[in-house]
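Reading through the structure tokens given below for one structure.
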Amino acid sequence: MNTKMSLKEKQRLERERLILEFAEAVLLEKGYHDMNMDDIAAGVGIAKGTLYLHFPKKEDLVFTLVEPKMHSFLSSVEAAAAHRGNPKEKLELLLKREVSGTFFQFLLNGNPDMTSIFKAREAEVNDILSKIFSGINKMLEEGKQTGMFDPDMPVEFMSTAFINLFEPHLYKEMVEVKKMPLDEFNRHLTNVFFRGIMNPKESM
């Protein structure tokens, strides 16, 4: 069987790569609501009809961008959970790996319209998100059980606070604009979080 990719297929894949690359930049800059399919087609240099052959709706295009980032983040959660360290070290590893990622830049960019793209894929998205939060909650619960984290603080409160560490505006302002070294940024971020959830009877 001839498995050699045709020139037409190569061109299609390259065009799709360019579409996704440009669309991601537009999404991060403008947000979902102000993202325009006409602008994307023009930016890539293709006809709007050609764009719709690849992605029939804006929701399809954005979900194609978000889905692999969700799986990537889940993989980081699973890797952190399997790490041979205490719960604090596991969560620090996750934060270090994902703090500059784009998954939460999409979800936490202050644009509520982003949630609308998930409705058609609700079951799939909820499955991935539930695994992400379950993994984070288990690490936090482990920390409470070992006496490392505040036993009186609800795990759900801790996990919500932890997820919000990935808020993109702080990262952009401190690392990209003010050029704070990433190691220093991570150190400050982890200090702020863990000082808040550590067991008052335990030292950092």
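None of the figures in this text is laboratory data; all of them are computed from the coordinates on show. What you see is a predicted model; the values in this text were computed from it and never measured. Cβ sites come from the backbone with ideal geometry, for glycine too, and all protein chains shown count toward neighbours.
Using the structure shown, select from LYS96/LYS179; LYS8/LYS57; LYS138/LYS172; LYS90/LYS178 the pairs with a Cα to Cα distance greater than 19 angstrom. In this structure, LYS8/LYS57; LYS138/LYS172; LYS90/LYS178 exceed 19 Å between Cα atoms.
Binning all Cα-Cα separations of the chain at 5 Å, short to long from zero, yields these whole-percent fractions: 1, 7, 13, 15, 16, 14, 12, 9, 6, 4, 2, 1, 0, 0. For the chain, relative contact order (Cα pairs under 8 Å, six or more residues apart, normalised by length) works out to 20 percent. Given R0 = 25 Å, the distance between the Cβ atoms of LYS57 and LYS10 translates into a calculated FRET efficiency of 0.45.
Taking amide H as placed 1.01 Å from N in the peptide plane, the amide H of MET198 sits under 5 Å from that of ASP150, each at least 5 places away or on another chain. Rounded to 0.05, the FRET efficiency of the GLN145 and LYS179 pair, given R0 = 35 Å and the Cβ-Cβ distance, is 0.30.
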